[in-house]
Ligand code: HEC
Ligand code: HEC
Ligand code: HEC
Ligand code: HEC
Ligand code: HEC
Ligand code: HEC
Ligand code: HEC
Ligand code: HEC
């Protein structure tokens with residue numbers, strides 16, 4: 001009986017030891033696998049990695065033109081839209097020369113691999129007219145795709161090494177490199193990837209503006225902002241990129257300030273009342289999915305009216321029996337394949353008298369002549385009608401909004 005306390009003591013100690021060991025083991029098992037790292041030093045992994053967990057977003061993204069901008073023509077010959085069967089004097093190359101396609105909407109251009117770069121082949125296919133047109137000057141063979149184009153049409157571009165991770169606008173073109181996010185500990189509360197919803201409107205719009213814009217990298221070498229990356233902290237696009245502007249690049253803008261070419265939406269938008277009011281790209285466009293032409297959230301006037309609900313039917317707005325907000329406030333001033341296929345994003349009305357002042361429609365388009373272009377419709381007549389409409393009932397002091405041409 002003397003041994004009883006000893007036995008109890010032994011059992012007690014043993015229990016404690018077992019409890020401690022299992023606790024340690026359990027704790028060890030509970031630590032999930034993954035890494036504790038922020039997004040700052042991450043590298044590119046490619047959209048197919050994102051698919052593993054964000055399958056729905058991935059599938060939706062494949063409906064957007066972003067996903068199809070640049071396609072491997074050798075792996076997927078169906079990506080070639082251009083007519084290579086008919087004879088053409090303009091197109092001097094063969095289907096077999098094409099390594100990658102660029103574009104699906106207005107025009108398609110073709111890339112051929114060179115020793116350490118790519119060149120854009122010297123003819124483009126205009127999709128709506130079905131015509132081949134010449135592209136680039138005679139020195140096309142000396143041009144560098146990595147200098148002039150790459151950063152806006154591929155993802156994870158390293159312009160110095162002349163490499164890219166993925167053709168097209170992949171997830172990481174907007175979200176930044178994702179290697180740390182992919183390896184992160186589930187539920188660990190640290191930002192491992194850029195979520196534009198958590199940025200200011202302006203900073204989020206800059207992501208779009210890094211491509212939907214024209215200009216020159218600060219190094220003077222690249223026509224895109226080569227080192228801009230939101231994941232490295234709140235990065236101001238201006239620090240990396242000199243945007244084209246009306247003073248220095250007169251050839252790219254109409255006297256009214258609206259842009260003349262494609263991929264200039266951000267530059268237009270920056271000058272708009274919408275930008276000032278915080279109405280940005282993502283207010284009007286869906287991002288991951290394409291359910292309508294140009295990925296707008298609602299079609300036509302419905303989009304504008306969803307916010308401008310109290311619009312009164314007076315002044316210029318009374319001229320017609322229909323709405324057509326976009327026709328007057330986003331006139332077709334730009335050109336991708338053919339003149340007028342791109343709309344202005346300043347959202348301001350271009351007065352017909354500005355066309356007269358500038359010496360005709362070729363020098364300055366306006367919001368009315370897009371539809372009233374018949375030869376009997378003199379611009380002077382449109383000006384008169386507009387004045388009459390305004391005098392009958394002016395919604396606002398019009399002079400305030402009337403933009404003067406740059407002298
Ligand atoms: C291993 C699974 C996994 C992979 C792979 C993955 N994600 Fe995620 N992602 C998650 C989970 C889970 C969440 C939500 C929980 C959270 O916020 O941590 C998330 C959240 C996000 C968010 C919102 C983050 C935030 O801070 O609000 C973004 C953006 C995102 N992922 C983008 C991507 C992109 C781009 C890729 C590919 C580079 C990717 N993810 C790959 C699992 C994954
Ligand atoms: C600063 C970014 C940027 C640079 C540099 C750039 N592009 Fe683009 N490009 C875009 C954007 C954004 C679009 C789509 C928006 C638009 O058409 O307005 C586009 C559209 C296109 C399209 C038409 C797509 C379609 O579906 O019709 C082609 C083709 C194209 N670019 C070729 C080129 C070539 C070739 C170069 C280099 C000589 C180049 N781009 C340089 C941003 C850029
Ligand atoms: C053209 C730029 C762009 C591309 C490409 C893009 N995203 Fe996004 N993503 C955004 C923006 C902007 C937001 C913020 C959404 C908002 O403001 O409505 C966002 C939000 C998200 C979120 C968090 C919020 C949510 O909706 O759940 C996830 C997750 C995400 N994206 C994953 C992806 C994945 C995966 C891909 C590729 C298949 C991808 N994104 C491609 C711009 C992009
Ligand atoms: C890495 C460059 C890049 C970034 C970043 C980018 N885009 Fe684009 N975007 C393009 C190119 C290139 C095209 C033309 C694709 C084509 O025509 O094949 C395009 C096309 C579009 C289109 C036309 C789609 C259609 O169906 O006609 C919209 C709208 C658009 N982008 C909005 C955005 C918005 C909003 C953002 C920011 C959240 C953004 N883009 C970020 C390069 C970019
Ligand atoms: C107030 C709404 C609104 C805002 C803000 C807006 N867009 Fe648009 N966007 C539109 C509409 C409407 C269209 C043309 C739809 C049509 O023609 O049916 C369009 C067309 C486009 C196109 C197709 C080519 C073209 O220009 O016609 C691109 C690309 C585009 N937007 C990109 C952007 C980007 C990038 C931003 C931000 C810098 C932006 N948009 C801001 C409403 C908007
Ligand atoms: C997400 C909401 C939203 C959408 C969508 C929207 N707007 Fe706006 N818009 C605003 C706000 C906010 C302002 C700032 C001034 C105000 O409150 O009227 C504004 C200003 C304007 C102005 C300048 C007004 C002035 O005082 O000079 C015009 C013109 C305009 N919008 C036209 C349009 C057109 C055309 C569309 C459709 C393509 C559109 N808006 C879509 C919210 C929106
Ligand atoms: C026939 C051409 C035309 C059409 C169509 C048109 N607008 Fe206007 N809008 C004008 C003119 C002209 C002004 C005068 C102000 C200016 O100089 O910008 C104006 C002014 C505005 C303003 C600022 C002043 C105000 O009245 O609040 C807004 C906002 C606006 N329009 C939105 C719209 C919306 C939304 C639609 C579609 C329902 C639309 N507009 C259709 C020509 C038009
Ligand atoms: C979207 C195309 C479109 C735009 C933009 C447009 N119009 Fe019209 N306009 C029409 C159509 C179609 C009619 C005939 C049907 C109607 O009256 O609704 C018309 C009729 C008119 C009429 C009635 C007299 C007539 O000749 O039949 C006047 C005046 C007029 N427009 C002036 C203008 C002015 C001024 C502008 C610029 C502020 C303008 N329109 C912009 C399409 C347009």
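Any read-out appearing in this document is the output of simple, stated calculations on the displayed coordinates, not a laboratory observation. What you see is a predicted model; the values in this text were computed from it and never measured. Glycine gets a Cβ as well: all are built from the backbone with ideal geometry, and neighbour counts include every protein chain shown.
For the chain, the mean projected area of the C-alpha convex hull, equal to one quarter of the hull surface, is 31.0 nm². Computed on region 292-401, the Cα convex hull volume stands at 126 Å³ per residue.
Throw me the Rg/Rh for region 47-242, computed over C-alpha atoms with Kirkwood Rh, two decimals.
Here the Rg-to-Rh quotient is 1.00.
DSSP beta bridges fully contained in the chain are about 95 percent antiparallel. Mind checking which of 196, 167, 177 has the largest fluctuation in a GNM of the chain, springs on alpha carbons under 10 Å? Per the Cα network of the chain with a 10 Å cutoff, 196 tops the list.
Counting only alpha carbon atoms, the long axis of helix 4-30 and the longest principal axis of the chain meet at about 20°. Placing a pseudo-label 7 Å from each Cα along the Cα-to-Cβ vector at residue 99 and residue 74 gives an inter-label distance of 0.8 nm. Summed over qualifying helices (DSSP H, 4 residues or more, each -39500 (n - 2.57)) and divided by its residue number, the chain shows a 222 nm mean residue ellipticity of -7500 deg cm²/dmol. The label point for residue 198 and the one for residue 141, both projected 7 Å from the Cα toward the Cβ, are 5.2 nm apart. For the Cα atoms of the chain, what angle does the longest principal axis make with the long axis of helix 379-392, in degrees from 0 to 90, nearest 10? On a 0 to 90 degree scale, this one is about 70.
Scoring 266-273, 253-260 by mean Cβ neighbours within 10 Å over their residues and listing the highest first yields 253-260, 266-273. Annotation for residue 14 and residue 320: the two label points, set 7 Å from Cα along the Cα-Cβ direction, are 9.1 nm apart. Fully extending the segment from residue 33 to residue 218, taken as 0.36 nm per residue of separation minus the present Cα-Cα distance, adds 62.5 nm. Taken as Cα centroids, region 135-149 and region 161-205 sit 30 Å apart, rounded to the nearest whole angstrom.
Could you give the distance between the Cα centres of region 350-390 and region 50-127, to the whole Å? Cα centroid to Cα centroid, the span is 39 Å. Classify region 211-264: rounded, prolate or oblate, from the alpha-carbon gyration tensor (a ≥ b ≥ c, eigenvalue square roots; a/c under 1.5 rounded; otherwise prolate if a/b is larger than b/c)? Since a/c reaches 1.5 and a/b is larger than b/c, the shape of region 211-264 is classed as prolate. If the chain linking residue 388 and residue 57 were pulled fully straight, counting 0.36 nm for each residue of separation and taking away their Cα-Cα distance, it would gain 114.0 nm.
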